[in-house]
Amino acid sequence: MDWKNIDTVLLDMDGTLLDLHFDTYFWLEHLPVRYAELHSMDHNEALQWLHKRIMQEQGTLNWYCLDYWSAELNVVIKALK
């Protein structure tokens, strides 16, 4: 490729720049464990609540926004990642 003539390169981050397996593990396994610990909840209760809450944002820009999730969940997502 002649990179001198290319102005813009767009990449799909999920699965390209970011490991999709890590993302899945983080949101479906690690976050529920940490959320339950931080909020003194049963793990299964936290898992079900988080899954429901996260799915409510599917298809929106909030779905991808770590700052949004940190505020919504009262958890510093960037630090957990």
Inter-label distance, nm, simple model (7 Å from Cα along the C-beta direction), W27/Y64: 1.2
Relative contact order as a percentage, the chain, C-alpha pairs under 8 Å and 6+ apart, gives 17
If you keep only loop residues by DSSP, which GluC sites (Glu not before Pro) in the stretch 27-81 have at most 15 other Cβ atoms within 10 Å of their Cβ? E57
So what's the back-of-envelope 222 nm ellipticity for the chain, counting only DSSP H runs of four-plus at -39500 (n - 2.57) apiece and dividing by all residues, rounded to 500? -13000 deg cm²/dmol
Measure of size requested: the Rg and Dmax of the chain, with Cα atoms as the atom set and Å as the unit; please supply both. 16.1, 56
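Based on Cβ point charges of +1 for Lys and Arg and -1 for Asp and Glu, what charge dipole magnitude is obtained for the chain about its Cα centre, in debye rounded to the nearest 20?
Values: 6 positive and 13 negative charges, 32 e Å.
About 160 debye.
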Ordering V75, V33 by accessible area with a probe of 1.4 Å, largest first, what comes out? V33, V75
Which residue, L20, L31, L47, tops the fluctuation ranking in a GNM of the chain built on C-alpha contacts under 10 Å? L20
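The values are calculated or read from the model by the stated rules, or taken from the named source; none is laboratory data. Treat the numbers as computed from the prediction; the structure is a model and nothing was measured. Don't worry about glycine lacking a Cβ; one is built from the backbone with ideal geometry, like all the others, and counts go over all protein chains shown. In case anyone asks, the SASA skips ligands and DNA or RNA and just uses the protein heavy atoms, side chains included. Shrake-Rupley method; radii C 1.70, N 1.55, O 1.52, S 1.80 Å.
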